[in-house]
Amino acid sequence: MAYDGIVTAAVVRELNDRLLMGSISKVAQPEKDELLLTLKCSRQQLRLCISANASTPMVYLREENELSPATAPNFCMTLRKHIGGGRITRIFQPSASGFGGNGGAGDPEGTGDASGSLPLHEGLERIIVFEIEHLDEMGDVSRKYLICELMGKHSNIILTKPDLTIIDSIKHVSHMTSSVREVLPGRTWFIPDAAAKANPVTLCRDAEAFRRVIRGGAGNESIFKHFYLSVTGISPSVSGEILHRAGVDPDLPHADLSDDESDRIFTAFSGLMQDVLAGRFEPCIIYDGDRLSEFSAVRLSSLEGGDLSCETFGSISEVIRLFYERRDRQNRIRAKSEDIRRVLKTLTERASKKLELLEKQYKDTDKRDQYRIWGELLNTYGYSLNGGEDHLVCSNYYDEGRDIRIPLDRNLSAQENAKKYFERYQKLKRTREAVSRQIGESRQTLWHLDSIASSLQLCEGEADLNELRREMAEAGYIHKGSDKNRSGKVQGNRKNEKKSQPLHFVSSDGIDIYVGRNNYQNEELDFKIADSNDWWFHAKNRPGSHVIAKTGSRELPDRTCLEAAQLAAYYSKAGIASQDNPYSPKSTDSTEKIEVDYVRKRELKRVPGAAPGYVIYHTNYSIVVEPRATV
């Protein structure tokens, strides 16, 4: 899980920097498991999003507002009653032993609040506690705790009194649901048993205790797995990072660790924890090629190199927002494009099967010339037959006079046998011509379907999907939708629809490079945007995007040529289209090198009746490159 204890610690640090002593001016509940608090802090308005969604539990700051239901849910009304207008006096991350409050005892340097009296991180539980002061019904100062539990399907948002008696929660958990802990009004809130996991805040200061934790326990699992299962708030990615910094093999059994290896792991772990406790975070998003992989509050050097890359940000809230927005956007696009994917899969399978049968039928016509030769030889040597023979052996003047054996129908004369073979020849000849034409059409259909599938992987919005649907409808793959409703009025004006745009890059030499995201854009790039002297790039013999380098009258620089070719290779069937569920492209390195053709735009010729974006050319240059998504 990306939202681990260290990310939670980074969020707590950021919230303390920006929300402490802020007043709650508005409480909204836009979703059944999500809160949106509007706060006034230092003459500015901030919005705090708290989500207890089972798949995306998170707490972060956001700028945009969200519509609320006309009737506020019960939990929202409870919060408005108890903490509306209240002031946030403390934000912290508790430990499994409960809330702190022992003054500055044991508070490491840099972990206290503004007054230095209380620690922000008593542990690395995925829990954030907001201490809120407000005026009660009698006008007296009262205190409440808003507790945010970010624990996957067990996530919850709970309001308690100072003695941790639950006032209400966004999710009620009865004993019928959980035998471990009830979350109901009147019950006492506590942190569930963390399976005897060690507290990293105290563990990072005790080398001997650390050694016992990582080398102890039953079983002989790898140190990588044992580490994140034994220490609270440590995710698998952070566990791998610590072992990477320590230079220890993650597959090594934890019980086989040497003293030196244990000490190196402790040094790496202690250093990372000191950064966490001191608030030295480096929020980042990790990409696997062009796909969002995960996010982190610390730099993960173990997940860099090859197809893995890292993008850093100045705010953990920005990281969380971008990560889930991009992931959710791609999920929505994938859901909306499911009908296109299903149709493409069916049509591709049908076209592939048809092509296979046609190629087999085409191969069967290879013996057509044999029937012609037999007929001609029968006309030449048939006079030697007396009738009733089942074969004729004669000299084949088409094969240097070698003897040939010709099967015969004993009930037919030599001329009749010859006529039968000529008829077979003519039939196979006609079949070959028809099948050859159909094979070309089938291959063209498969090419078109593959190009649409490639374009589908580049869709980023409804406009992109609409263009693909229109192309498929015009090609006859799907039915055309009616533009009129039952009253006969036009429902919408296509001219006013939002139009998707090609991808735009600028090369290292300052030259504009455009990449078509579908066949309509490819056509537009080739014959509307590109000038005759511009350069056109395309992956050789592969469906994919057309790439235009707008050089004009300038010579094509070598770096621009390489960068444009790498884009053409990446945005082809061998690049992004060969991957499943891609996200917004960032960068990628591929071990497979792809040949790319490039020509002047004036060399391109349209093919009458062909699919949009289909062009031919007869003279070209070629370059072999590794695919890359950016210049």
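The values are calculated or read from the model by the stated rules, or taken from the named source; none is laboratory data. Note that this is a predicted model, so its numbers are computed, not measured. We place every Cβ from the backbone using ideal geometry, glycine too, and count neighbours over all the protein chains shown.
Things worth noting here:
- Residue identified as in contact with a helix residue (DSSP H, G or I) (Cβ under 8 Å, 6 or more places away or on another chain) and over 26 Å from Val12 (Cβ atoms) among Leu272, Leu257, Leu300: Leu257
- Only one of the listed residues (Arg321, Arg372, Arg350) is in a helix (DSSP H, G or I), of a type in the set (Lys, Arg) and under 30 Å from Phe295 (Cα atoms). That residue is Arg321.
- Out of Lys499, Lys573, Lys593, sole residue that is of a type in the set (Lys, Arg) and either in contact with a Ser or Thr (Cβ under 8 Å, 6 or more places away or on another chain) or modelled with pLDDT of 95 or more (or both): Lys573
- Where strands (runs of 3 or more DSSP E) sit wholly within region 1-87, those with at least 2 residues that are among the β-branched types (Val, Ile, Thr) and more than 30 Å from the chain's Cα centre (by Cα) occupy 23-31.
- Of the residues Tyr362, Tyr383, the single one that is assigned to a helix (DSSP H, G or I) and within 51 Å of the chain's Cα centre (by Cα) is Tyr362.
- Tally of residues being among the acidic types (Asp, Glu), surrounded by fewer than 20 Cβ atoms within 10 Å (Cβ to Cβ), assigned to a helix (DSSP H, G or I) and in contact (Cβ under 8 Å) with a residue 24 or more places away in the chain across region 423-466: 2
- Any helices (runs of 4 or more DSSP H) falling wholly within region 184-253 and containing at least 2 residues that are aromatic (Phe, Trp, Tyr): 223-230
- Residue check, Ala278 at pLDDT 90 or above, in contact with an Asp or Glu (Cβ under 8 Å, 6 or more places away or on another chain) and surrounded by fewer than 22 Cβ atoms within 10 Å (Cβ to Cβ): yes
- Inclusion of Lys153 among residues that are modelled with pLDDT under 90, surrounded by fewer than 17 Cβ atoms within 10 Å (Cβ to Cβ), farther than 27 Å from Arg18 by Cα and of a type in the set (Lys, Arg) is warranted.
- Only one entry in Asp260, Asp206, Asp249 is acidic (Asp, Glu) and under 37 Å from the mean Cα position of the chain (by Cα), namely Asp249.
- Members of region 502-545 that are under 20 Å from Ala610 (Cα atoms), in contact with a Leu (Cβ under 7 Å, 6 or more places away or on another chain) and modelled with pLDDT under 95: Gly516, Arg517, Asn518, Asp526
- Matching residues in region 525-555 - criterion: being without any contact (Cβ under 8 Å) to a residue 24 or more places away in the chain and crowded, with 18+ Cβ neighbours inside 10 Å: Leu525
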